1. Which of the following residues is of a type in the set (D, E, K, R) and under 37 Å from the mean Cα position of the chain (by Cα): GLU305, GLU289, GLU293, GLU283?
2. For LEU456, state whether it is at pLDDT 75 or above and exposed (fewer than 15 other Cβ atoms within 10 Å of the Cβ).
3. Residue by residue through the stretch 308-348, note down the ones that are at pLDDT 90 or above, not in a strand (DSSP E or B) and not polar (S, T, N, Q).
4. Can you say whether LEU251 is open to solvent by 20 Å² or more (accessible area, probe 1.4 Å), modelled with pLDDT of 70 or more and of a type in the set (A, V, I, L, M), as far as the supplied structure shows?
5. Being open to solvent by 70 Å² or more (accessible area, probe 1.4 Å), out of contact with any Ser or Thr (no Cβ under 9 Å at 6 or more places or on another chain) and assigned to a strand (DSSP E or B) is the filter here, so list the residues in the stretch 282-307 that pass it.
6. Taking the stretch 359-384, which residues are open to solvent by 70 Å² or more (accessible area, probe 1.4 Å) and under 30 Å from the mean Cα position of the chain (by Cα)?
7. Hey, can you tell me all the residues within the stretch 145-182 that are free of Cβ contacts under 8 Å to residues at least 24 places away in the same chain and within 30 Å of PHE120 (Cα to Cα)?
8. Collect the residues in the stretch 29-52 that are open to solvent by 30 Å² or more (accessible area, probe 1.4 Å) and either touching a residue at least 60 places away in the same chain (Cβ under 8 Å) or closer than 17 Å to ILE85 by Cβ (or both), keeping them in residue-number order.
Amino acid sequence: MKYLFKQSFTSLLKTKSNIIILFALVTLTSFMYFFVQFSVDENMSTLNSMIQSGQTLTDNQEKFLTALQSNTILARSFLIILILITGFIFYMFYKRYFTLHKKEIGCFKALGYTDQTICFIFISFTFLISIVGSLLGMILGWFGSDLLLTASIEAYSVENVKKGIHLFSFMLGVVSVVIVLCVITTWACYQFYNKETALLLNGSDKQKENRLAEKLVNIVPKRYKLSVRIAMRKPITILLTIITVGIVTSLFVISISLNLSSKKVYTSQTEGHRYSFDTKYDEYQTDDESNHEVSYYLRTPIAIEIESKQEVVQQIVGMDGPVHLLELKNEQGTSLTIPTDNQVLINPALKELYGFHKGDKITFTISGQRQTATILDIAENAETNSIYISKKQVAEWLGVPKNVHTGVLSTEPLNMHNGKTITMTDRLIELDKNAVSNRMSGVINQVLGCIIGCLLIYLVLLLHFQEKIKDILVLDLLGYQTKQINKMLINIYRPILCFSFIVTLFPSIWISQLIQKRLSIQTGDYMPFQTNAITILIILLILNVIYTCVQMIFNFKIKKIINQEQITDYI
């Protein structure tokens, strides 16, 4: 057993570039979870304890608690996604490793070691990488959580924030990672289970005729036929490349979208809002019909019915149009008038998250009664969680006089003592705080998502190239130049990479949009999906830059093997 451990670990460590990347993926997966969770657990426990003891939270504490709950959902969602991605890469690594080391596995079986014993060795190696990587990620997360805590103090003006982790969170961020990766390693090991030792020692690999590859070879120009035929010898590797590029593209798209969404929300909440003061009242106030410099509104909560007998809480705002202090606009930038005749203007979150569109019927409960209205248009710059209708209609539903209001928009402060006034300056500061907090989280996710994406594509290309080492060295012995060898065996992977990007682009965008939509619904924090042509071009450029870097590093390695006369170790 000791001999088996020594030989297997020595063989695995020879692929040090691959092992470093696998270790980095595990560490980053753990870090992305713990750097959020360390700033959440203790603070959420403190606030929940205050609620259970009967204490009343301040407005800032309530906002902070909501943010902590949202961050928990985000952290766990990203942890699941990254565990699946890392597991997929571990499977790819071991599948390729077992393919290239059949003779080695065959030798172990010839020496009397069982499939289960050999599998246990590789599970042990995975366990070592995953446990050390997860714990390192947790330690880095401890220090990284200071960024989020500082942002929370600035955004919510809270004091006595703490760092800490609960046992459940530790189990989720460390133990679950280790278990999943060990299970995937076991799955990968079935590649050599119950295979004849002689076949493994012979390196035999029976392949079925690949008709699709033959058709593809017949289509491409003559000068590319050999390269395509070699690349398509194992179609599963091309399929894995396409899947990996799709995963990487999704990571890039969602990471950039999370960063851009906070800017989109900030812009939408400031454009067209021309008032300087927003005065709100707890009780109904009578309109001053002689004052035409202000805009009165009647606001009340409603529960909108969505699919599966669920409800989403929003605010319905009744106003009399035209409203000169609040100019609502649709997606085309056209100014909208407050509708009448039982029609409403809805916010973009209802459209993107719940599928409401212009012309649809919307049903909601207001003041205990079920009402229905028609959606006239989508107001892109509507206040968060607000829909707009005529003030007369809201008053009728509430059973109050049509000349009462619960709020006033004005350009000058009102001489009122029983209302709460929010200045535009305060509102912008609040929006900016939320934007900064969301932007920091978005930037961190963007950077780490891009790093993980780069590592994924780097490893996949490296695995492809490493599979060609033997062929490259044989061609070198036959007198072929590096440029000729690359043209025959390596250069084909750049068009494969670009083809994979084109094929997976729209599915990746759809998946990213779906993930961000689910995150918005779960957290209750609307994050509009954002992407553009520049983002797509940047992703394609990054993929090609990574390809060039991997090719340069690989060529350097081949030259080193040749110069040090180590060819016999690979042939």
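1. Within the list GLU305, GLU289, GLU293, GLU283, the selection yields GLU305.
2. No.
3. Passing the criteria: only PRO348.
4. Considered against the rule, which asks whether it is open to solvent by 20 Å² or more (accessible area, probe 1.4 Å), modelled with pLDDT of 70 or more and of a type in the set (A, V, I, L, M), LEU251 comes out as no.
5. THR286, PRO301
6. Residues of the stretch 359-384 that are open to solvent by 70 Å² or more (accessible area, probe 1.4 Å), as a first pass: 361, 367-370, 384.
THR384 - this is the single residue of the stretch 359-384 that is open to solvent by 70 Å² or more (accessible area, probe 1.4 Å) and under 30 Å from the mean Cα position of the chain (by Cα).
7. Listed by number, the residues that qualify are LEU167, PHE168, MET171, VAL175, ILE179.
8. At the first step, the residues of the stretch 29-52 found to be open to solvent by 30 Å² or more (accessible area, probe 1.4 Å) are 31, 42, 44-46, 48-52.
Selection gives PHE31, GLU42, SER45, THR46.
The values are calculated or read from the model by the stated rules, or taken from the named source; none is laboratory data. What you see is a predicted model, and the numbers here were worked out from it, not measured in a lab. Note: ideal-geometry Cβ built from the backbone for every residue, glycine included; neighbour counts use all protein chains shown. Heads up: the accessible areas ignore ligands, DNA and RNA and are worked out on the full protein's heavy atoms, side chains in. Shrake-Rupley method; radii C 1.70, N 1.55, O 1.52, S 1.80 Å.
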